[in-house]
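Please treat every number below as a calculation from the coordinates, not as lab data. Everything quoted here is computed from the prediction, not taken from an experiment. A quick note on method: Cβ atoms are made from the backbone with ideal geometry, for glycine too, and the neighbour counts reach across all protein chains shown.
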Amino acid sequence: MSPRTPEQNEEIRQQRTSQILGAAREVYLEKGFLAAEIGEIAKKAGIARGLVYYYYKDKYVLFQTLFEGTLAAAVQFVSTKLKNDQPPLKRLQQYALHYLNTAAQDPAMVHFFRDLYQDIPAVFGERADEIAKNFVLNIHKPLADTFQEAMEQDIIRKGDSYLFSQIFWGGISGAMFTMTGKELKLEDAETKDFIRQTMDVLFNGFLT
């Protein structure tokens, strides 16, 4: 048998690390960071315990990799949804709708992000403040900037764009956790009505 090419080795590495990270996410959702064990992650990934250590020095490095990848993907999503040429109101609507649909399609992801943010200090130690601040900046600043843009175009009322963005996000996250608590499914009529009501309140307010 001929030796593997560098490309084949890289493909194998990516497959295995993907398996490990996916298993780590599952164990994390079940038990949390402190109770998660490498042996259980290896078992769920279907690989030897030693192979996990081959790719990740210890549990902290593994979860730092998982968390950093997840945070980077979230930042990329926000950039894609909010930093484009569409009108600011359209961007905000698509942003909100994505999160509401995610709560119905993948409720575990909602809880994963909540727990992840709370566990940043435990996972990153001395780097925690830097990681958290950079994430908040890269997530919330584009949202506040979009509100500012909408204000400057007289699409929405004038005010503190950061305050508005936080109220907006609070409404979205509150609706998401309500949906996961109700175990609403995307295909259900109740879910569609819930999302419609949420979008109506977010963009039209409570007044009749």
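Among the residues of segment 131-162, write down those that are exposed (fewer than 12 other Cβ atoms within 10 Å of the Cβ) and either under 18 Å from the mean Cα position of the chain (by Cα) or among the hydroxyl-bearing types (Ser, Thr, Tyr) (or both).
Across segment 131-162, the qualifying residues are 133, 136, 137.
Please determine, by comparing only the residues of segment 177-197 that are of a type in the set (Ser, Thr, Tyr) and under 15 Å from residue 105 (Cβ atoms), which one is surrounded by the most Cβ atoms within 10 Å (Cβ to Cβ).
191
Condition first: part of a helix (DSSP H, G or I), of a type in the set (A, V, I, L, M, F, W, C), touching a residue at least 60 places away in the same chain (Cβ under 8 Å) and farther than 25 Å from residue 179 by Cα. Can you find one or more residues in segment 72-90 that meet it?
There is no residue in segment 72-90 that is part of a helix (DSSP H, G or I), of a type in the set (A, V, I, L, M, F, W, C), touching a residue at least 60 places away in the same chain (Cβ under 8 Å) and farther than 25 Å from residue 179 by Cα.
Can you name every residue in segment 78-114 that is loosely packed, with under 15 Cβ neighbours inside 10 Å and closer than 15 Å to residue 141 by Cα?
79, 80, 83, 84
When only residues in segment 1-30 that are β-branched (Val, Ile, Thr) and closer than 13 Å to residue 55 by Cα count, which is surrounded by the fewest Cβ atoms within 10 Å (Cβ to Cβ)?
By that ranking, first place goes to 12.
When segment 167-176 is examined, which residues are found to be loosely packed, with under 15 Cβ neighbours inside 10 Å and not small (Gly, Ala, Ser)?
167
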